[in-house]
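What follows is a set of notes on a single structure, which appears directly below.
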Amino acid sequence: MQRVIIHVDMDYFYAAIEEREDPSLKGKAVVVCMYSNRGEEGGAVSTSNYVARETGIRSAMPCRQAKALNPDAVFLPVRKQFYEEVSDRVMEILRSSADSEESFEKISIDEAFLEITHSSDSDFEHARKISMKIKEEIKAREKITCSIGIGPNKLIAKMASSFQKPDGITIVRPEEVQNFLKPMPVKKLWGIGKVTGEKLAEMGVETIDDLEKHDILELINAFGKNRGTWLKQAASGIDETPVKERTATDQIGRMASLKHDTRDENMIFSLLDELAGDVLSRAKSRKVSFRSVTVTVILSNFKTSTKSRTFNHPVSDMESLHKSAKEMMQQFLEESTSNFRRIGVQVGNLHEMAGQKSLFDF
Ligand code: DCP
Ligand code: MG
Ligand code: MG
């Protein structure tokens, strides 16, 4: 079945949230700054809205330089935690639009891949409709916009989402991949950084088309076997990597949606039991014990909250996991009156369990 992958990236994310929070900013240049401990003088630009970008302001530029470029711009300090809460709710919308819980991959605070092969029936026009629905839902719930790229793989979807910004949808069908990539400067190929870009320029490779036509052996010579082969493949628009949720290697967790949004304790606790059982068997097969347990609850309004417990020594038994997870879930139920949408259980602070004992231990 022809894969259909979409990449969603929020438009001027931090600045868009600030604009939404303070309508008087509308139409003004807004710059969100990460101030260093040297105060307002030291900071760098996190992001800016499109009005500010017209005057040449860019992410990572010193705030002082941004101020010189546009003295009338409104400068605001980063409120990372607040943006993360918005991100969590957006990611919930995205996750529930993917083919399944597993076909979702968040790659940064404001972007994610979704596989929609099945829900679009491999039809790119159908994928456009799904993308429009996603945009509408994010706009309705969070009052901010995003841009979406639709392609036959992650590489193409990612490059398509930045093609029309802000508030765009760009479709690149399998037969359009070559023409889409060809004229682009090689440094626009996702995965090529400054160093590789410069090295390629020295070799006379300017566009992705140049790269695609370049002698593979020469590329392998210059970049090594893996990287050289990858460059050639990527330039042809080939990328077979799956959309897959990334979880930290020092954590084991599972989340799942309730059959419908509910506060019914039987439903919630039986799903919690199932998830905890799953997490424990995964911990067992990895031969690890854990010191912390985290429970996540996502409410009907997509608000995400977590609670954690840390034991003073590593544990690996069902009883400890169940008991602490249940207590935290009980607290969640007492604290809120909303329905629950999704719940999750996670263990962390993993410790290798003494597996194979050496002769000396006996
Ligand atoms: N960010 C940051 N420092 C950077 C780049 C980004 O702090 N050097 C933060 C602020 C951005 C957010 O990450 O709002 C998302 O990064 P993007 O690259 O997606 O940029 P924006 O969403 O701001 O703008 P665009 O509309 O181009 O996606
Ligand atoms: Mg963005
Ligand atoms: Mg981004």
Please verify whether Val195 is among the hydrophobic types (A, V, I, L, M, F, W, C), away from ligand 1 (no atom under 16 Å from the Cβ) and not assigned by TED's automatic domain parsing to the domain that holds Asp9, treating the condition exactly as stated. yes
Among all residue pairs at least 6 apart or on different chains, which show Cβ distances below 6 Å where the first residue, located in the range 225-243, is within 17 Å of Thr207 (Cβ to Cβ) and the second is in a loop (DSSP other than H, G, I, E, B)? Ala234/Leu189
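Residue by residue, here is whether (1) touching a helix residue (DSSP H, G or I) at 6+ places or on another chain (Cβ under 9 Å); (2) outside any strand (DSSP E or B) holds:
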site	(1), (2)
Lys259	yes, no
Met267	no, yes
Ser270	no, yes
Arg282	no, yes
Ser289	yes, no
Val293	yes, no
Val297	yes, no
Phe302	yes, yes
Asn312	no, no
Cβ pairs under 7 Å, 6+ apart, first in the range 62-73 and farther than 11 Å from Cys33 by Cβ, second part of a helix (DSSP H, G or I) and not basic (Lys, Arg): Asn70/Ala52
Among (1) within 30 Å of Ala29 (Cβ to Cβ); (2) at pLDDT below 95, where does Glu102 come up short? (1)
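Could you grab me the full set of residues in the range 1-12 that are surrounded by 22 or more Cβ atoms within 10 Å (Cβ to Cβ) and within 13 Å of ligand 1 (Cβ to nearest atom)? Steps first, please.
To start, the set of residues in the range 1-12 that are surrounded by 22 or more Cβ atoms within 10 Å (Cβ to Cβ) comprises 4-8, 10, 12.
Scanning the range 1-12 gives His7, Val8, Met10, Tyr12.
Within the range 163-191, restricting attention to residues that are open to solvent by less than 30 Å² (accessible area, probe 1.4 Å) and assigned to a loop (DSSP other than H, G, I, E, B), which residue is nearest to Ile150 (Cα to Cα)?
First, pick out the residues of the range 163-191 that are open to solvent by less than 30 Å² (accessible area, probe 1.4 Å): 168, 170-172, 177, 180-181, 184, 186, 189.
Narrowing further to those that are assigned to a loop (DSSP other than H, G, I, E, B): 168, 172, 184, 189.
On the way: Gly168: 11, Val172: 6, Met184: 18, Leu189: 16 Å.
By that ranking, first place goes to Val172.
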Filter pass, Ile57 being surrounded by 14 or more Cβ atoms within 10 Å (Cβ to Cβ), assigned by TED's automatic domain parsing to the domain that holds Ile169 and either over 27 Å from Thr296 (Cα atoms) or within 17 Å of the chain's Cα centre (by Cα) (or both): no
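Of Gly228, Gly204, Gly237, Gly197, which residue is part of a loop (DSSP other than H, G, I, E, B), farther than 30 Å from Asp121 by Cβ and either open to solvent by 40 Å² or more (accessible area, probe 1.4 Å) or modelled with pLDDT of 95 or more (or both)?
Numbers: Gly228 fails: part of a loop (DSSP other than H, G, I, E, B); Gly237 fails: farther than 30 Å from Asp121 by Cβ; Gly197 fails: part of a loop (DSSP other than H, G, I, E, B).
None of the other options fit; the residue is Gly204.
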Does Ile93 fit the bill of being open to solvent by less than 10 Å² (accessible area, probe 1.4 Å), within 14 Å of ligand 2 (Cβ to nearest atom) and either modelled with pLDDT of 95 or more or closer than 30 Å to Ser305 by Cβ (or both)? no
Being more than 16 Å from ligand 2 (Cβ to nearest atom), closer than 22 Å to Lys26 by Cα and in a loop (DSSP other than H, G, I, E, B) is the filter here; which residues of the range 59-90 pass it? Asn70, Pro71, Asp72, Ala73, Arg79
When Ala127 is evaluated against the numbered criteria (1) more than 16 Å from ligand 3 (Cβ to nearest atom); (2) open to solvent by 10 Å² or more (accessible area, probe 1.4 Å); (3) touching a residue at least 24 places away in the same chain (Cβ under 8 Å), which criterion, by number, is the only one it fails? (2)
Scan Gly27, Gly56, Gly43 and give me the residue that is assigned to a strand (DSSP E or B) and of a type outside the set (Ser, Thr, Tyr). Gly43
Considering every residue within the range 107-114, establish whether at least one is charged (D, E, K, R), within 14 Å of ligand 2 (Cβ to nearest atom) and in contact with a His (Cβ under 9 Å, 6 or more places away or on another chain). yes
Is it the case that the range 139-147 has a residue that's closer than 20 Å to Ile6 by Cβ, open to solvent by less than 50 Å² (accessible area, probe 1.4 Å) and acidic (Asp, Glu)? yes
When you go through Thr207, Thr170, Thr145 one by one, which is the residue that is of a type in the set (S, T, N, Q) and either more than 22 Å from Ile107 (Cα to Cα) or outside the structural domain of Phe104 (by TED's automatic domain parsing) (or both)? Thr207
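The values are calculated or read from the model by the stated rules, or taken from the named source; none is laboratory data. Worth saying up front: this structure is predicted, and the values here are computed from it rather than measured. Every residue, glycine among them, receives a Cβ derived from its backbone with ideal geometry; neighbour counts consider all protein chains shown. Just the protein is used for accessible areas: all its heavy atoms, side chains included, with ligands, DNA and RNA removed. Shrake-Rupley method; radii C 1.70, N 1.55, O 1.52, S 1.80 Å.
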